[in-house]
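Chemist: Sharing a structure here in structure tokens format.
The values are calculated or read from the model by the stated rules, or taken from the named source; none is laboratory data. Bear in mind the structure is a predicted one, so any value in this text is a computation, not a measurement. Glycine also receives a Cβ, built like all others from the backbone with ideal geometry; neighbour counts cover every protein chain displayed.
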Amino acid sequence: MSMEETDILVVGSGVAGSLVAWRLAGQGRKVTILEAGPRLDRSDLVERYRQLVDKDDYMAPYPGEPHAPEAGDGSDYIVENGPDRYGTQYIRGVGGTTWHWAAASWRLLPVDFRLKSAHGVGRDWPIGYEDIEPWYQRAELAMGVAGPDPKAEDLGSPRSAPYPQKALPLSYMDRQFAERLNGNGFQVVTEPVARNYDIYDDRPPCCGNNNCMPICPIGAQYAAEVHVAKAEEAGARLIENAVAHEVLVDAGSRRVAGVRYKTPDGQSHAIAAKIVVLAANGIETPKLMLLSASERLPGGLANSSGMVGRNLMDHPAIAVSFLWDRPVFPGRGPQEMTSVVNFRDGGFRATQAAKKLHLGNVADYRGVTEALLAAGRRGPELDRGIRDRVARKVAISSFHEQLPDPANRIRPSTGHRDAIGIPRPEVSYSIGSYVRDSAAHTRQAYDRIAALLGGTEVTHGEGFTGSSHIMGTCIMGADAKDSVVDGEGRSHDHPNLYIAGSSVFSSAACVNPTLTIAALALRLADTIGRQAG
Amino acid sequence: MTEAARAGIDRRAFVTGGFALGAALFLGGLPAARAAMPLPPLPGGVLDGAAFLALSTRLTGHDDLDEDLGRSLRAALTDAGHGTGLVALYGAVAKAAPDDEAAIAAAAAGQDAAARALLRGWYVGLVRMPDGSDRLVGYEDVLMGAVLADVIPLRSFCGGDPHFWAEPPDLDDLPLRPRG
């Protein structure tokens, strides 16, 4: 077979793939990135947002392409088999899903790596917090994370150096929230965020557009397009609109040999590689691996354990809204600035999920106005009502830790294909009592918080929503019999196949996964760099 | 409304006693000649752009409505099947004394579907079409943002100098919840 050849082939250009490509291209390696979707333009996305009917649909500015459909509320791309709805979102385009995120950049707690040992549930990671800490620091530098002074606020994750940027000042609302809750049964801390306090890495400081999701209009918030560009400047080649559909395995060994991909016209192409890094997210990566089944590998690529696609996790969320007893002006500043963290760990984790609660800093203009119009308010009375209620209506949401369960899984659909003939992902998913029991306690906590803030019209959301934190489907472990990759992110089965992204997480913890994705990706790149060099 | 115009709104004018809005935006504060001016008969029974804006001013209480938004809204309301209802609404409101809010409200209630659609268009920027979908007619100039322009930046537009959000908005007194 005559085909183009590269040293390192990275599938996916989100935060994991772009950081791996950046580091290795910077070391002089010949790096090629395959991205299923197109390049995206920030100003186009902002304009699309402003033209949206539903401005709360964070996927709507990202319409997707027929050859790379996206997951989201208005999409049937993911086939949901239940019993519960997984309900995830992701962007298939250059830069991936960091185009829309809240920039929350949490480290895991040391105990999160030892969940089984500490609490008797779930799994332990094959690495500890101390193994990853130096790469947490490097990831924070790369992304420009702004966080609190560790001497002033202890976030529970030991640090070898301060955050690269000072924490942005809390909004008036977030400050009131922290002052009212701290000391009253809750611990509210400043959330570390990949959002600029000042000019950093040639990106501007945040000026409070309050549009972190679905698109930061000015690029003050980190997005992986930053490291795609840096990787290309360092010599990496990006092939956009290239949908990987098979990983090739060498005929005479267990080494992977390259990747086949399709272009929008449905034509198949192949590229050979000495090393393959799969970084296409927690659904697309295992789907690709399972699609790569062959006579030699009937269970799919790297799947001697049978764990590829299994242990699908998320952070199931429940929400509450209420009217604070005074105007606090949500919507001034970034969309998320504080979190309640005193439920991140404790003895309860033996039976109930850990969780993080976070206050949203978003003004509900439309919800308030539509309700007042429906109630017949008119003229000055309507305007007074809008001002009063929008200035007081607040919402809190939550992430609950889910345990790895092999029954929760993603598979290539046997009955549903996309426009270029590639099977769509099919998800079987159950939330389970570990999360449900914790969520019952979360509702009680919401009521206590509302009471502390003089809240009225307390409205609990109906059921769970997904948080789009796709984890566990290429789970990391020390034992090749029940895990897919080792502690370095390398396949147990194929010595030159690596997996980057949250699909390798052994535990979900209860914080946003992006910083851990970035740290693991940089660590993986250094591992490859040492071995390849 | 442009950002410059939004920023140019006199913040102090919004707060005249607790949470009261600046009177300048509302009927009571309209220039006397305009506020007192009755709606003229529709020429040929056609609700043109000027008549639509005049009707909208009477129903919303805002006399600084954006003409471009008005054009888009009038077209969308017509497409949504409210053309006849709007003409009838205009006729009913025209019979009410310009400063008689109760009479204007009663007139609007008589053409409830058209009145509600018109107000939703101006405030939220959306018009419900016959197929059940919403059509966007505006964002930057809709009234739900305008009435909060001194308090909360409209999403996606820069809110001010970095870190401005650390302080509450610059109001004489923090707005208070209406009592009673």
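Chemist: So for segment B:59-75 (the condition being within 11 Å of chain A (Cβ to nearest Cβ) and free of Cβ contacts under 8 Å to residues at least 60 places away in the same chain), does at least one residue qualify?
Modeler: Yes: segment B:59-75 contains one or more residues that are within 11 Å of chain A (Cβ to nearest Cβ) and free of Cβ contacts under 8 Å to residues at least 60 places away in the same chain.
Chemist: Can you tell which of A:ASP325, A:ASP345, A:ASP314 is of a type in the set (Asp, Glu), surrounded by fewer than 24 Cβ atoms within 10 Å (Cβ to Cβ) and in contact with a Ser or Thr (Cβ under 8 Å, 6 or more places away or on another chain)?
Modeler: A:ASP325
Chemist: If you go through segment A:224-245 one residue at a time, how many are part of a strand (DSSP E or B) and among the basic types (Lys, Arg)? Let's see the steps before the verdict.
Modeler: First pass over segment A:224-245, keeping only residues part of a strand (DSSP E or B): A:237-239, A:243-245.
Cutting the leftovers down to among the basic types (Lys, Arg) gives us A:237.
Residues meeting the conditions: 1.
Chemist: How about segment A:207-228: which of its residues are farther than 16 Å from A:SER43 by Cα and in contact with a Leu (Cβ under 7 Å, 6 or more places away or on another chain)?
Modeler: Residues satisfying the conditions are A:HIS227, A:VAL228.
Chemist: Among the residues in segment A:250-257, are any of a type outside the set (A, V, I, L, M), farther than 27 Å from A:PRO513 by Cβ and either buried (at least 22 other Cβ atoms within 10 Å of the Cβ) or in contact with a His (Cβ under 8 Å, 6 or more places away or on another chain) (or both)?
Modeler: Residues of segment A:250-257 of a type outside the set (A, V, I, L, M): A:250, A:252-255.
Checking the rest, the ones that are also farther than 27 Å from A:PRO513 by Cβ come to A:250, A:252-255.
With either buried (at least 22 other Cβ atoms within 10 Å of the Cβ) or in contact with a His (Cβ under 8 Å, 6 or more places away or on another chain) (or both) added as a condition, the list becomes A:254-255.
Yes, some residue in segment A:250-257 is of a type outside the set (A, V, I, L, M), farther than 27 Å from A:PRO513 by Cβ and either buried (at least 22 other Cβ atoms within 10 Å of the Cβ) or in contact with a His (Cβ under 8 Å, 6 or more places away or on another chain) (or both).
Chemist: What are the residues in segment A:176-196 that are assigned to a loop (DSSP other than H, G, I, E, B) and within 13 Å of chain B (Cβ to nearest Cβ), if any?
Modeler: First, pick out the residues of segment A:176-196 that are assigned to a loop (DSSP other than H, G, I, E, B): A:183-185, A:187, A:191-192, A:194, A:196.
Selection gives A:ASN196 alone.
Chemist: Further question: So A:LEU115 fits all but one of (1) crowded, with 24+ Cβ neighbours inside 10 Å; (2) within 14 Å of another protein chain (Cβ to nearest Cβ); (3) more than 30 Å from A:TYR49 (Cβ to Cβ); (4) not aromatic (Phe, Trp, Tyr); what number is the exception?
Modeler: A:LEU115 satisfies all of (1) crowded, with 24+ Cβ neighbours inside 10 Å; (2) within 14 Å of another protein chain (Cβ to nearest Cβ); (3) more than 30 Å from A:TYR49 (Cβ to Cβ); (4) not aromatic (Phe, Trp, Tyr) except (2).
Chemist: What is the number of the single condition among (1) farther than 20 Å from A:SER18 by Cβ; (2) outside any helix (DSSP H, G or I) that A:GLU488 does not meet?
Modeler: (1)
Chemist: Which one of A:LEU155, A:LEU141, A:LEU170 is part of a loop (DSSP other than H, G, I, E, B), farther than 24 Å from A:LEU403 by Cα and at pLDDT 95 or above?
Modeler: Values: A:LEU155 fails: farther than 24 Å from A:LEU403 by Cα; A:LEU141 fails: part of a loop (DSSP other than H, G, I, E, B).
When all the criteria are applied, what remains is A:LEU170.
Chemist: Of (1) out of contact with any Asp or Glu (no Cβ under 9 Å at 6 or more places or on another chain); (2) at pLDDT below 95; (3) not hydroxyl-bearing (Ser, Thr, Tyr), A:ILE422 satisfies all except one. Which?
Modeler: Checking A:ILE422 against (1) out of contact with any Asp or Glu (no Cβ under 9 Å at 6 or more places or on another chain); (2) at pLDDT below 95; (3) not hydroxyl-bearing (Ser, Thr, Tyr), the one that fails is (2).
Chemist: Identify, from the list A:ILE239, A:ILE215, A:ILE199, the residue that is within 12 Å of another protein chain (Cβ to nearest Cβ) and farther than 20 Å from A:ARG332 by Cβ.
Modeler: After ruling out the rest, the residue left standing is A:ILE199.
Chemist: Of these, B:GLY91, B:GLY83, which one is within 19 Å of B:GLY121 (Cα to Cα) and small (Gly, Ala, Ser)?
Modeler: Going through B:GLY91, B:GLY83 in turn, just one is within 19 Å of B:GLY121 (Cα to Cα) and small (Gly, Ala, Ser): B:GLY83.
Chemist: Closer than 25 Å to A:PRO214 by Cβ and not polar (S, T, N, Q): which single residue out of A:ARG366, A:ARG378 fits that description?
Modeler: Exactly one residue qualifies, and that residue is A:ARG366.
Chemist: Only one residue in A:ASP405, A:ASP418 is surrounded by fewer than 20 Cβ atoms within 10 Å (Cβ to Cβ) and within 20 Å of the chain's Cα centre (by Cα). Which one?
Modeler: Testing whether each residue is surrounded by fewer than 20 Cβ atoms within 10 Å (Cβ to Cβ) and within 20 Å of the chain's Cα centre (by Cα) leaves just A:ASP405.
Chemist: Would it be correct to say that A:ALA60 is touching a residue at least 40 places away in the same chain (Cβ under 8 Å), in contact with a Gly (Cβ under 9 Å, 6 or more places away or on another chain) and crowded, with 22+ Cβ neighbours inside 10 Å? Give the derivation first.
Modeler: Details: touching a residue at least 40 places away in the same chain (Cβ under 8 Å): yes; in contact with a Gly (Cβ under 9 Å, 6 or more places away or on another chain): yes; crowded, with 22+ Cβ neighbours inside 10 Å: no.
Criteria not met by A:ALA60.
Chemist: I'm trying to understand the selection: among the residues of segment A:346-393, which are touching an Asp or Glu at 6+ places or on another chain (Cβ under 7 Å), within 9 Å of chain B (Cβ to nearest Cβ) and among the small types (Gly, Ala, Ser)?
Modeler: Correct list: A:GLY379 only.
Chemist: For B:GLY81, indicate whether it is surrounded by fewer than 22 Cβ atoms within 10 Å (Cβ to Cβ), outside any helix (DSSP H, G or I), more than 14 Å from the chain's Cα centre (by Cα) and not basic (Lys, Arg). Give the derivation first.
Modeler: On the way: surrounded by fewer than 22 Cβ atoms within 10 Å (Cβ to Cβ): yes; outside any helix (DSSP H, G or I): yes; more than 14 Å from the chain's Cα centre (by Cα): yes; not basic (Lys, Arg): yes.
So B:GLY81 fits the description; yes.
Chemist: Still on this structure: From the list A:THR527, A:THR516, A:THR473, which one is of a type outside the set (Gly, Ala, Ser), buried (at least 24 other Cβ atoms within 10 Å of the Cβ) and part of a helix (DSSP H, G or I)?
Modeler: Working: A:THR527 fails: buried (at least 24 other Cβ atoms within 10 Å of the Cβ); A:THR473 fails: part of a helix (DSSP H, G or I).
Going through A:THR527, A:THR516, A:THR473 in turn, the sole match is A:THR516.
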